[in-house]
Structure formats: C-alpha cells, structure tokens
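Input: a single structure, listed below in structure tokens.
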Amino acid sequence: MPVHAQDAKAGRVKAQACAACHGANGLSIQPDAPNLAGQPALYVAAQLKAYRGGARKHEVMSLMAKPLSDDDIALLAAWFSSIHVEAQMPP
C-alpha cells in the first residue's frame, strides 16, 4: 500500500478523532493505547478493519472503527505510517 502525501495530509485531518488516546502525533498519551506513529500502513488498515468487522474487539475502538469506510481507513493508515519514528538503544 503506497503512501501518497495527499493521503497522509487528508489522514491527518481524519486522525484528529484519534488524538484523545493515541496523541496528536500518533504517540500515545493513554497507558492502554498503543503508539500508531510509524506503524506500517498495512498493519494499521488491517487492525481498523478487524475492529470494524468485529474480528477484533475493544469497547472504544470497535465503536470508533464501525463508521469508517475503506477510504477513511486508507487515509488513517497513510497518515500514521508517514510519521517517522526513531528508536534509541539504551547505553
């Protein structure tokens, strides 16, 4: 799933609804919400589709994903996968 700049930009707008738990930059601000920044687009899309379809269950995410169209999911996946995250190994 190639990420296009316009998809990421549109996904950023759509992701405002995700910010309360997953952070405005995709880095979680809730202890029980995962970081979405830098996740592969295929992974983000698959998880959202699993929540939407009921294969994966979570009280909040099932409700959030239910109204998402395939296009909405693709835009969200494009946005979160476009964020560059670096990891540092401890000394």
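Remark: the LEU42-LYS14 segment gains 8.3 nm on full extension, using 0.36 nm per residue and subtracting the alpha carbon distance. The packing ranking, built from the mean of other Cβ atoms within 10 Å per residue, places the peptides 73-86, 38-51 in the order 73-86, 38-51, highest first.
Checking [x] 31, 21, 12; [y] 20, 17, 12; [z] 26, 14, 13 against semi-axes √(5λ) of the Cα gyration tensor in Å calculated from these atoms, the matching label is [y].
If the chain linking SER62 and GLN30 were pulled fully straight, counting 0.36 nm for each residue of separation and taking away their Cα-Cα distance, it would gain 9.8 nm. Estimated from helical segments only, the mean residue ellipticity of the chain at 222 nm is -15000 deg cm²/dmol, where each DSSP H run of four or more residues counts as -39500 (n - 2.57). Extension gain for the segment CYS21 to ALA87, taken as residue separation times 0.36 nm less the Cα-Cα distance, is 21.6 nm to one decimal.
We did not get these values from a lab; they are worked out from the coordinates using the rules stated. Because the structure is a prediction, the values reported are computed rather than measured. For neighbour counting, all protein chains shown are included, and Cβ atoms are generated from backbone atoms with ideal geometry for every residue, glycine included.
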